[in-house]
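Presented below is the structure to which this report refers.
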Amino acid sequence: MIAARLLGRGACAVALALATAGCSGSPEGAAPSSGTPGAGPTTTAAPPTTSSPTPCGGEGTGIVRSACDGTATVRFDRGDEHGEVGGGTCETTVAYLEVTAGTETAAAFDGPRPDLADLLLPVDPGPFADGTATIAWNGVEVVLDEATGTHDGASGTFAGTLPDGRRLEGTFTC
């Protein structure tokens, strides 16, 4: 079940990375999406912000995509660590609301993981029990499957217990 969810998340991330082509919003010449489910991905943008010690962005082997210049912010508590990753985007597809802030890397990435907060939540507003949260902070990445919480499409909460027993709790705003 978890492997299937991770594969589905990875496929969605690849599809979103291709669809957003550098997180620049709508494709050249296309009208921006309305943000309505089924209308395609939407992306918000604003000046860069981050409180993380690791710079956002970059190119090269192992960098999948970066969300550094948007308006989304994810705040979280991971055990006794408190973090915030800003400059992210909120994208709505037919099935998911994805909130991404920071730099996503692949296995081929060499070095400490850049900061990342990536939430994959059911698109329908309200309570959920089947979200996924990936948080990379201070070089350590954790994945929370079956996150619970609630959202209204523009802000929300998420929580759950990590495999090592620590709690991961947080909030996001688009």
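Below are the figures for this structure:
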item	result
Verdict on Gly149 being among the small types (Gly, Ala, Ser) and within 18 Å of Arg65 (Cβ to Cβ)	no
Output for the stretch 51-90, where each listed residue is assigned to a strand (DSSP E or B) and either among the aromatic types (Phe, Trp, Tyr) or more than 13 Å from Phe172 (Cα to Cα) (or both)	Ile63, Val64, Arg65, Ser66, Ala67, Phe76, Arg78, Glu81, His82
Those residues of the stretch 122-131 which are part of a strand (DSSP E or B), more than 13 Å from Phe172 (Cβ to Cβ) and in contact (Cβ under 8 Å) with a residue 24 or more places away in the chain, in sequence order	Pro122, Gly126
Some residue of the stretch 120-130 being over 11 Å from the mean Cα position of the chain (by Cα) and crowded, with 19+ Cβ neighbours inside 10 Å	yes
Qualifying residue in the stretch 73-88 (condition: modelled with pLDDT under 95, surrounded by 21 or more Cβ atoms within 10 Å (Cβ to Cβ) and polar (S, T, N, Q))	no
Yes/no for Ala129 being at pLDDT below 95 and among the hydrophobic types (A, V, I, L, M, F, W, C)	no
Search result, residues across the stretch 139-160 that are within 12 Å of Gly79 (Cβ to Cβ) and either surrounded by fewer than 14 Cβ atoms within 10 Å (Cβ to Cβ) or of a type in the set (D, E, K, R) (or both)	Val140
Condition met for Ala117 (over 20 Å from Ala67 (Cα atoms) and in a strand (DSSP E or B))	no
Residues (farther than 20 Å from Thr148 by Cα and either assigned to a strand (DSSP E or B) or under 12 Å from the mean Cα position of the chain (by Cα) (or both)) located in the stretch 97-114	Gly102, Thr103, Glu104, Thr105, Arg113
Total residues in the stretch 134-148, condition farther than 17 Å from Ala95 by Cβ and small (Gly, Ala, Ser)	2
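The values are calculated or read from the model by the stated rules, or taken from the named source; none is laboratory data. Predicted model, so just to flag it, every value in this text is computed and none were measured. Positions of Cβ are generated from backbone atoms using ideal geometry, with glycine treated the same way; all protein chains shown enter the neighbour counts.
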